[in-house]
Structure formats: structure tokens, C-alpha cells
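The values are calculated or read from the model by the stated rules, or taken from the named source; none is laboratory data. As the structure is a computational prediction, the values presented were derived from the model and not from experiment. Every residue, glycine among them, receives a Cβ derived from its backbone with ideal geometry; neighbour counts consider all protein chains shown. Only protein heavy atoms, including side chains, enter the accessible area calculation; ligands, DNA and RNA are left aside. Shrake-Rupley method; radii C 1.70, N 1.55, O 1.52, S 1.80 Å.
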Amino acid sequence: MNSNSVLIVGAGPTGLVLAIALVKCGVIPRIIDRKAGVGRESRALGVQARTLEFYRQLGIADCIVRKGVQVQNIFMRNNGRTIVKIDVKDFGVGLSPFPFILCLPQDDHEALLVERLEDLGVRVEWGSELLQVRVAGTQVQAMLSRKDGVREECISEYVVGCDGGRSRVREELGLGFPGASSQETYFVADVEATGSATAPDIATNGFSFCLSAEDFILVLPARASGTHRLIGLIPEKFKGRAETIFEDVRPTVEKTTGTTINAVNWFSTYRVHHRVADHFRGDSIFVAGDAGHIHSPLGGQGMNTGIGDAVNLSWKLAAVLQRKADPSILDTYETERMPFARLLVSTTDKLFQLISGPGIGRRIARTILFLYVIPRLLRFSATRKIVFRRISQAFVSYGASRLSQGSVGEIKGGDRLPWVVFDDGVDNYMPLQSFEWQIHVYGGAEESLRDAAKAADVTLYEFEWTARVEKAGFRRNACYLVRPDGYIATAETDPHGKTLSALLSRFKVSTRLPVLDGNE
């Protein structure tokens, strides 16, 4: 019988990021996966700006960006020709240190995360499967089947199920997984192709919406080596078949995209599911990522949402395990992440229904709305910023959380910390790499606030007041308590920091850090 503090079930991006973040916080987890190793299919591609911001905190953003392909343009195409080109290379300029969309195949992505985790001294136990899990007093008992055939009982303080849509952990908890499945069948393929939609000037650093009245196909750069990801709708005449192969959809693909497919590296069909679990927690057992919510792949949100779950949960688990916070802080994981998961499922479902399937309304959407109306709206900077904030997940806020208090000007408790860069190139996200609670003041801090920070053992960072700071929505000399994950817990003008002191006291948050200059 083995004992550990946290057992993570599932070594996809969600589980791997959770493990890396726990180690960052000083907790060494155990992570298992029933697969033999890292997956070989590219699957999820989009790595959004908010995820890269988290990765910067964890010290892995640079290697992820180097490995991926930054999307420069979006092409709206009809019957094999480009109708409009939308420049998106700096879509989020001024909003994030990563103002772009990154394409990185999930297998390459996972391999980098596994390598980083191994560098930190933790190895994934491939070929190990969870058979049973139950809470027994203050412990969680898990029965595992290892790849050598041996059954093992593992005792943990917490178990986190990051084991996908068919989660064994969720089943063991008896959680419902309500939702629905689409009536349409879709395909996904990684191919090598020649032709207009995959020409170097289009497909190397951009992706195409290939639309017609009958169908749509997305063409995305899968790898820097030049392969392409295709996502599309199975033609009506093939509905009801027991199995559909690529040759069935080849004529439609080549006509709609204006390409010739030379090789097919991977092909699969699927139905889109829209589901959210009844709960994300049962006592000392949690679910995260696809184990808690699944939805349309449109917009590249699924994997990124799971990574957001992992970051949110990691520092809370670590704080409780290290006696640096009251266990009640774990209740905020579900109350913060579940509303976002439900919102995401609802919006991606509606958008996917709009662009796919039969019917006059959807045909109009494909041939008019997406080809002409939306591209015109994206010419305006205000629209571009709104779209970037949604796609990047920078808009996510925890305003209703018990960990969120107060507001000052445009910024309120629960908001993501607005990003600001200063004239010397230093930005206000640099201190977030500590992955610790901290206080930000833009301007100057009163001596009473310094005393409050010292009493709470929380680092106080003072940043210079600039026009960029003001434009970002901050108030001069106001006090912002920032959580380890970069969200604002409290915003107040009280020079004594009463709100932040009360919140830290309520959750018994404890940390010991020195006072530093924000530009160091």
C-alpha cells in the first residue's frame, strides 16, 4: 500500500498541468494514466492566450510558443477561393503578453508537458488504471491496476479525475453528466495536401473557413512541418453508415477546400457532445477538464478550459495540504469553474449549430454571415478586442466567488489582473511567476497598507503610475490583492487594506514573503 498527498488520474494536458502546478507550489503528486504513453493523434490544437499566461507563471510558455505555429491570418473561402483575409497576428495587442492564437498539436503539447514534469522529478505511471475509489474518513482509498498486472491500494488525501469524457472517477463518485449529443456526424483528419487552401502563403500561419451552402470545412495548420488539420461535416448521403472512411468524404473535401489530398495520417468521425457534470467535487475527490465538461471543439476552448481548471485547483489544494489555508477554500473550485463551463457549453453549442448542418438558416449563416458580415465587423478594433477576450478566455471572471470582494473603478474582485507593460519592458505579470498571493499598488502605498501587508505576510509590489496603467482600468494608489493564479481577490481604496485583511483572515491564508519593488 502506497500513500501520497494527491493522486491525479489522467495524464492529458489537464492532469499534467495540475501536476506541474502542484510541484510549483511544493506538493509532489502521483499521476497515473491507463494509456501506454503520450497520445499520437494531434486532437486539440489551439493554445489560447490565457493558457500561455498560466504557462508563463509555471515557466513553460517559451518552449510551448517555440514549438507551435502562431496564427497570422484567417481566410474565409467559398468554392475554393478566398473571399476575405482577416489579419489576426496581433489580435490581442495591449491585452496580453501573448496577443495571438497558437496552434500546437496535442501530442506535441503533451510531450512537452511530460518532459517538464520529469525535469521536476515526477514521472507519469503509464499503463496504470483506476479500478475503484472511495473516501474513508480523512483519506481517499484508490485501487489501481498497474501495467505489470499487480493490483495496488493507494491512499491519498485527495484524488483528482482528469480522465476524460468517460471518466472513471466521475462514475465512481456517481455524478450525473447531463447534456445532449448533436444529430450530425463530423470528421477530423490530419492530412498532407496541395492546393489553394493549403498553399504556403495561406496555411503555414493561418487557417481557413471553407464554406458553401451545403457544408463547411476548417483547414488549420497542424504542425510546423506542414501537415494540416481538417474538420468538417459528414455528407448527408453517408448518414447511418456503420463506418465512414476518408475516401467517402474526399470528393467533398477537395471540392470545398480547393485542394488535392496526397496522404491521410489520421482520420476519425465523432458526434459533438455538450455536457457538464452535476458537481465538480465529492468530499476529497474532484473532477477537472473533460471529466467535468465537454463541448464543441469550435473555437479551441475545451483543452484550455481544462487547463484553467487545473490551475484554479492546484494552488488551493497545495495551500490546504501545507496548512496555509482553511479547507473551505476548496469549495470555491466548483463555484468558480462550473458557471464558466456551463456558459462555454451553451455558447459553443449555439455557435456550432449555427455553422453546421442542413436548413435554410444555417445555409444563410455559412454563405452570408460568416463570409461577409463577420469579416466586416472584425475590421473594427473594438470588435477585435471583444473577440480576442472571448476566445483567449481573458474575459473569465470569478466575481460571484467568496474569494472576490470589492471594486475600484473598472476593476472588481474576481477579474483577471489586467496586463500592463512599462517603458523598460518589464510588466506587472512578472511577479505572478512566484505563484503566491501578492498585493499590487500602482502609484504609491500608504504606510498603513505596508503594515497590513507585513502583518498578513503578503508581498507588496509597487508599480509606477503611467498612462498605460490608467488605460488598463487601475486607480492610482488603490490596493489590489492578487491570487496565485493571477485573478484579483480584492480591490479597494482603503489605505489600511481592511477588505484584503478580512478575506485573508476568513480563509486563514498564510504566506511569508518580503516586500519587493515591482520592477525588480
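For the pair Lys255 and Asp90 in one chain, pulling the backbone fully straight at 0.36 nm per residue adds 56.2 nm over the alpha carbon distance. Backbone amide hydrogens, once placed in the peptide plane, bring Val482 within less than 5 Å of Gln438, Ile439, His440, Ala489, excluding anything fewer than 5 places away on its chain.
With the whole protein complex present, Asp423 retains an accessible surface near 140 Å², based on a 1.4 Å probe. Rounded to the nearest 20, the size of the Cβ-charge dipole of the stretch 51-140 about its Cα centre is 460 debye, with Lys and Arg at +1 and Asp and Glu at -1. Placing pseudo-labels 7 Å out from each Cα toward the beta carbon at Lys237 and Leu120 gives an inter-label distance of 5.2 nm. Would you work out if the chain is rounded, prolate or oblate? Take a ≥ b ≥ c from the square roots of the eigenvalues of the alpha-carbon gyration tensor; rounded if a/c is under 1.5, else prolate when a/b is larger than b/c, oblate otherwise. Since a/c reaches 1.5 but b/c is at least a/b, the shape of the chain is classed as oblate. Counted as membrane-span-like here are DSSP H helices of the chain whose alpha-carbon atoms extend 24 Å or more along the helix's own axis and whose Kyte-Doolittle mean is 0.5 or above; these are 302-321. Legend: residue pairs Lys24/Lys67; Lys316/Lys498; Lys471/Lys498; Lys85/Lys385; Lys89/Lys412, Cα-Cα distance threshold 28 Å; pairs beyond threshold, Lys89/Lys412.
Out of all DSSP beta bridges with both ends in the stretch 423-520, state the antiparallel percent to the nearest 5. Each step should come with its number before you reach the end.
Values: 8 of 15 bridges.
For the stretch 423-520, the DSSP antiparallel bridge percentage is about 55.
Can you compute the FRET efficiency between Ala199 and Arg376 using 1/(1 + (r/R0)^6), with r the Cβ-Cβ distance and R0 = 22 Å? Round to the nearest 0.05. Mind showing how you got there, number by number?
Numbers: r = 25 Å, r/R0 = 1.12.
Taking R0 as 22 Å, the efficiency between Ala199 and Arg376 is 0.35.
Simple rule: put +1 on each Lys or Arg Cβ and -1 on each Asp or Glu Cβ in the stretch 119-233, find the dipole, and look at Ala222, Ala193, Gly206; the Cα lying farthest toward the positive end is Ala222. Proximity of backbone amide H atoms, modeled 1.01 Å from N, is registered between Phe216 and Leu233 at under 5 Å, excluding neighbours fewer than 5 places apart on the same chain. In summary, the lysines within cross-link reach of Lys147, defined as a Cα separation below 20 angstrom excluding same-chain residues under 8 places away, comprise Lys35. Spin-label model, His496/Glu152: points 7 Å from Cα along the beta carbon direction are separated by 5.5 nm. Taking the alpha-carbon distance from Lys237 and a cut-off under 16 Å, which aspartates and glutamates remain once sequence neighbours fewer than 8 residues away in the same chain are dropped? Within the straight-line cut-off, Lys237 pairs with Glu184, Glu214, Asp215, Glu247, Asp248.
Close amide H contacts of Gln405 (hydrogens built in the peptide plane, cut-off under 5 Å, sequence separation of 5 or more or a different chain): Gly413, Gly414, Thr490, Ala491.
Roughly what % antiparallel, to the nearest 5, for the DSSP beta bridges in the chain? Don't skip to the answer; put the middle values down first.
On the way: 67 of 96 bridges.
Of all bridge pairs located within the chain, approximately 70 percent are antiparallel.
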